[in-house]
Amino acid sequence: MPDVVFQLPDGREQRVSGQPGESVMQIATAAGITGIVAECGGSAMCATCHVYVDPQWLGRLSPPLANELEMLECTAAERLPNSRLSCQIKLSDVLDGIAVRIPDRQQ
Amino acid sequence: MSEADFGADTAPIVIVGGGHAAAQVCAGLVTAGRGAGVHLVCEEPELPYQRPPLSKAFLKQPQEALQHHRPESWFADAGITVHLADPAVAIDRVERSVRLQSGKHLCYDRLVLATGARGRRLSHLPDGLQNVVVLRSAADAVRLRELLAHEGHLTVVGGGFIGLEVAASALALGRTVDVLESAPRLLMRSVSPEVADHVLQTHRANGMVVRVGVAVGGFRIGADRLETLTVDGVETPVDLLVLGIGAVPEHALASAAGLQCDNGIVVDEFMQTSDPAVLAIGDCTNFPEPTTGHRLRLESVQNANDQAKAAVATLCAAPQPYRAVPWFWSEQGSLRLQMAGLGSHDATRFRRKGSSDASFSVLHYVAGRLASVESVNAPLDHMAARKLLETGRNVAPEIACESSVPLKAHV
């Protein structure tokens, strides 16, 4: 089972296991990580599951689609080059150990 | 009184409902440090879960699991007692207690009703037919997903958001689909004619059969199945039928307790019902629209979440009136519809071009002021529209519709 390392706004880290095919957003909410709001439930409609992907993992992700790119322009916290919507990152074995930082606000 | 032994320093809060609104009240109370002693009463056997995927990803992918808002351990750690598959059956406002189906009595200091809405059914069509689904809950979605795997053809009655979302999901699964709408166009209550027409053309181009202005009349039932539906006087065979003909507020519990109800539970801008000890939020409420004061009922995730936040503020004795700009979305195959603000029949409409033929927004102006924006495959314009409406900043239509300038530039 691949793991995701969540770096919380207060500096703590939380390591959570998920199933391949689950999104990073689903893994975060199932683990009760409150910094991921995910108001729309994973449809890339609300930009409240914004994360900063550790740059060393960025190249292993499929690039964002057009609608994710547009929603990323509307995040509450600053958009950075490694910004992604966690609902659009599907976990797989090659992503085992992926680290994502949670911004200090989503709304 | 099995569960009435609350600590003396805890003013117990009981929440009735298992949808987005109930989940958001729990989250808000926990953030405010008020989770201990809260009781959450759910009719369904599931912890609160995300409902929007039920008509989309959940139907299309057999492995897709329910997405709970929070895990069981989160509720437990916060001190929230969850009662699953145990609906509230009566409220005693004098004693301040709620009785559950299991016989449990829960005493409350404040009660929050988040009872939602239920799908409307066709009058005279009996319940319990094997091949008829009204999609509302996880159990409905599980049943629909199984039926879609076996039945050949899907008939959808109702050309609203849920009906069209289910129709588009079934089409993606390779099913043939007929959508029957009795109104002269699709999405009559939800979007402008321009957006509705684009939706119609897109679905038809993808092979969906969409009929508007049809009369859906009688039906024939054999054993426990719906055999035929009479459409414009013609008896038409049915494999699988989904009813998407709107929803009605679930306020039986509130009515029986003598709370004022009128197309929903009547609340003020602080989400208080006619009894100050009782609040109501989400799809089940009839609330005053902040700009006009007109009474309104909305069925949306945004309304559920934001009314929940207003309720938490009231519960924490820091009341904040509910003033959120409404927004909605619908995802139907490749169509992404996002609406901000409320449409109005007396609005003047302007079209703003998007980045492709399949992308545009319709801007609604009432008395010269931007009142709402519908965006088709234009999420950036939608997010800018929300900001404009939140700040109340007005942009003249000829400026806002200049597509060479991002709408965001006017925020």
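Bear in mind that the values in this text are calculations on the coordinates, not laboratory data. What you see is a predicted model; the values in this text were computed from it and never measured. Cβ atoms come from the backbone with ideal geometry, glycine included; neighbour counts cover every protein chain shown.
Please figure out what share of the DSSP beta bridges in segment A:3-101 is antiparallel and state it in percent, rounded to the nearest 5.
Working: 11 of 15 bridges.
Around 75 percent antiparallel, to the nearest 5.
If contacts are Cα pairs under 8 angstrom and at least 6 residues apart, what is the relative contact order of segment B:121-245 in percent? Please list the in-between numbers first.
Details: 223 pairs, mean separation 42.6, N = 125.
Over segment B:121-245, the number comes to 34 percent.
What Kirkwood radius, in Å to one decimal, follows from the Cα pairs of segment B:222-262? Mind showing how you got there, number by number?
Working: mean 1/r = 0.0727 Å⁻¹.
One over the average 1/r among Cα pairs gives 13.8 Å for segment B:222-262.
Any idea what the dipole of the protein assembly as shown comes to, in debye rounded to 20, about its Cα centre with Lys/Arg Cβ at +1 and Asp/Glu Cβ at -1?
With only Lys, Arg, Asp and Glu charged at Cβ, the dipole is about 840 debye.
Tally the DSSP beta bridges in the protein assembly as shown and give the antiparallel ones as a percent, rounded to 5. Working shown, then result.
Numbers: 59 of 94 bridges.
Looking only at bridges with both residues in the protein assembly as shown, the antiparallel portion is about 65 percent.
Find which of B:LEU380, B:ILE399, B:SER344 sits farthest along the positive direction of the dipole of segment B:334-410, computed with +1 on the beta-carbon of Lys and Arg, -1 on that of Asp and Glu, about the Cα centre.
Most positive-ward Cα: B:LEU380.
Tell me, B:GLU44, A:GLU78 in order of fewest to most beta-carbon neighbours within 10 Å?
Details: B:GLU44 17, A:GLU78 10.
Ordered from fewest to most neighbouring Cβ atoms within 10 Å, B:GLU44, A:GLU78 come out as A:GLU78, B:GLU44.
For chain B, return all DSSP H helices satisfying: extent of Cα atoms along own axis at least 20 Å; mean Kyte-Doolittle hydropathy at least -1.0. Display every interim value, and only then the final one.
On the way: long enough: B:301-315 (21 Å, -0.06).
Answer set is B:301-315.
Over segment B:143-189, calculate the relative contact order: mean separation of alpha carbon pairs under 8 Å at least 6 apart, over the residue count, as a percent. Present the calculation step by step, with values, prior to reporting the outcome.
Details: 50 pairs, mean separation 19.4, N = 47.
Result for segment B:143-189 is 41 percent.
In whole percent, what relative contact order does chain B give with Cα contacts below 8 Å and a gap of six or more residues? If you can, show how the numbers build up before the last one.
Numbers: 891 pairs, mean separation 55.6, N = 411.
For chain B, the relative contact order is 14 percent.
Mind checking which lysines have their C-alpha under 28 Å from B:LYS353, skipping anything on the same chain fewer than 8 residues away?
List returned: B:LYS56, B:LYS387, B:LYS408.
Rounded, prolate or oblate: pick one for segment B:106-162, where a ≥ b ≥ c are the square roots of the eigenvalues of its C-alpha gyration tensor, a/c under 1.5 means rounded, and failing that, prolate if a/b is larger than b/c, else oblate. Don't jump to the answer; show the numbers that get you there.
Values: a/c = 2.56, a/b = 2.13, b/c = 1.20.
Verdict is prolate for segment B:106-162.
When the dipole is taken about the Cα centre of chain B, and only Lys, Arg (+1) and Asp, Glu (-1) are charged at their Cβ, what size is it in debye, to the nearest 20? List each step's numbers first, then the result.
Details: 37 positive and 44 negative charges, 188 e Å.
That gives a dipole near 900 debye.
Kirkwood hydrodynamic radius, computed over distinct alpha-carbon pairs, for chain B: how many Å, to one decimal? Mind dumping the intermediate values first?
Details: mean 1/r = 0.0440 Å⁻¹.
About 22.7 Å, per the Kirkwood formula over Cα pairs.
Hey, rough spin-label estimate for A:ARG60 and B:GLN61, points 7 angstrom out along Cα→Cβ, what's it come to in nanometres?
Here the answer is 1.9 nm between the modelled labels.
Might you report the magnitude of the Cβ-based charge dipole of segment B:334-410 about its Cα centre, with Lys and Arg at +1 and Asp and Glu at -1, to the nearest 20 debye? Write out the running numbers ahead of the final one.
Values: 10 positive and 7 negative charges, 28 e Å.
Using only the charged Cβ atoms, the result is roughly 140 debye.
For B:GLU194 and B:ASP92, compute 0.36 nm times the residue count separating them, minus their Cα-Cα distance, and round to one decimal in nm. Intermediate results must be reported in sequence, preceding the final value.
Working: separation 102, 0.36 × 102 = 36.72 nm, distance 4.93 nm.
Gain on stretching B:GLU194 to B:ASP92: 31.8 nm.
At a 10 Å Cβ-Cβ cut-off, how would you order A:ARG12, B:ARG204, fewest neighbours first? Can you show the working numbers first?
Values: A:ARG12 8, B:ARG204 12.
Ascending Cβ contact count within 10 Å gives the list A:ARG12, B:ARG204.
Modelled label-to-label distance, B:ARG349 and B:LEU125, 7 Å Cα→beta-carbon offset: nm?
2.8 nm
Given the C-alpha centroids of segment B:198-234 and segment B:349-411, what is the distance between them in whole angstrom?
Between the Cα centres of segment B:198-234 and segment B:349-411 lies a distance of 35 Å.
Starting with the fewest neighbours, write out B:ARG70, A:ARG84, A:ARG79 ranked by other beta-carbon atoms found within 10 Å of each beta-carbon.
Values: B:ARG70 24, A:ARG84 21, A:ARG79 15.
Starting with the residue having the fewest Cβ neighbours, the order is A:ARG79, A:ARG84, B:ARG70.
What whole-number distance in Å separates the alpha-carbon centres of segment B:72-144 and segment A:30-107?
A separation of 33 Å, based on Cα centres.
Could you rank the peptides A:30-38, B:300-308 by their average count of other C-beta atoms within 10 Å per residue, with the highest value first? Each step should come with its number before you reach the end.
Details: A:30-38: 20.1, B:300-308: 24.2.
The densest-packed peptide leads the list: B:300-308, A:30-38.
Sort the protein assembly as shown into rounded, prolate or oblate with this rule: let a ≥ b ≥ c be the square roots of the eigenvalues of the Cα gyration tensor; rounded if a/c is under 1.5, and if a/c is not under 1.5, prolate when a/b is larger than b/c, oblate otherwise.
Values: a/c = 1.28, a/b = 1.07, b/c = 1.20.
Rounded shape, in that the Cα axes give a/c under 1.5.
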